[in-house]
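Note sheet for the following structure.
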Amino acid sequence: MNYFIDSLISAIYLTVSLDKELLHIVSVSLRVSCGSTLLASLIGIPLGFLIAFESFRLKRLVITVLNTLLSIPTVAIGLFVYILISRRGILGFMDLLYTQKAIIFGQTLLIIPLIATFTISAIGQIDGRYRLTAMTLGANRRQTAWVLLMEARYGILAAVIAAFGRVISEIGVSMMLGGNAKGFTRTITTAMALEYDKGEFILAIALGMVLLALSFSINLLFHFFQGRGAK
């Protein structure tokens, strides 16, 4: 018990003193998570909106596939991307393996289904009369789509925030594609796993507290925007 308390106190001191190693690890995590969330949003939001806005034959099947991909293990994404970017892979010439770009690539693939699915849900919750009213007033398809997008903006923002929360706390993609290189690709979760393996818990506890603080903040934002979207 004393060992745990001492480790906790040391971890708090490490966090408050803004330890350089801790700050660098957190900055790498934020950099790759923000990058992957941005890229996934640029793909997932238009994709989800298009699926929700248009009517086509395989629409239900596409939505089912997206929902299925929500539960795909991160290590499966990591393995798939590893095969693509390894030296013998299709994208091996790009020399991405064990870089931050590789992590961003993998995390982007991980959360595109999440953002797309949440966007479909946000659009689906809009009263159908909005679309009919816009068309009755003479709006073309692009203008009607813009009206629906603005009406669903809080739900879409909630989707982006949820996606960021997903990647900031994942470990499979970061470990397999980044390699956990100190000062380069070591993220919060991979550093915690390494410190645990070494039997040194102070940095791991400090990083855990930072991750909990980030997760709490993300959840507050998520519920705020989700609440605004439900009004």
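Quick rundown of the values:
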item	result
Matching option when the condition is over 15 Å from Gly106 (Cα atoms) and hydroxyl-bearing (Ser, Thr, Tyr), among Ser17, Ser29, Ser41, Ser36	Ser17
Filtered residue count, the range 1-39, keeping only those that are modelled with pLDDT under 90 and either among the aromatic types (Phe, Trp, Tyr) or in contact with a helix residue (DSSP H, G or I) (Cβ under 7 Å, 6 or more places away or on another chain) (or both)	9
Residue list for the range 1-57, filter: of a type in the set (Val, Ile, Thr), within 25 Å of the chain's Cα centre (by Cα) and farther than 17 Å from Ala122 by Cβ	Thr15, Ile25, Val26, Val28, Val32
Filtered residues of the range 166-185 (kept if over 17 Å from Ile77 (Cα atoms) and crowded, with 21+ Cβ neighbours inside 10 Å)	Thr185
Any hit, the range 41-55, residues being under 23 Å from Ser174 (Cβ atoms) and out of contact with any helix residue (DSSP H, G or I) (no Cβ under 6 Å at 6 or more places or on another chain)	yes
Among (1) over 18 Å from the mean Cα position of the chain (by Cα); (2) closer than 22 Å to Val167 by Cβ, the one test that Pro113 misses	(1)
The range 169-190: number of residues that are part of a helix (DSSP H, G or I) and either free of Cβ contacts under 8 Å to residues at least 40 places away in the same chain or not small (Gly, Ala, Ser) (or both)	7
Filter result for the condition that a residue is among the hydrophobic types (A, V, I, L, M, F, W, C) and exposed (fewer than 15 other Cβ atoms within 10 Å of the Cβ), over Leu42, Leu84	Leu42
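Yes/no per residue for (1) of a type in the set (S, T, N, Q); (2) closer than 26 Å to Ile120 by Cβ; (3) over 19 Å from the mean Cα position of the chain (by Cα):
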| position | (1), (2), (3) |
| --- | --- |
| Gly155 | no, yes, no |
| Ala163 | no, yes, no |
| Gly172 | no, yes, no |
| Gly178 | no, no, no |
| Thr187 | yes, no, no |
| Ala191 | no, no, no |
| Glu195 | no, no, yes |
| Lys198 | no, no, yes |
| Ile205 | no, no, yes |
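The values are calculated or read from the model by the stated rules, or taken from the named source; none is laboratory data. Quick caveat: nothing in here was measured; it's all calculated off a predicted structure. Note that we place each Cβ from the backbone using ideal geometry, even for glycine, and neighbour counts take in every protein chain shown.
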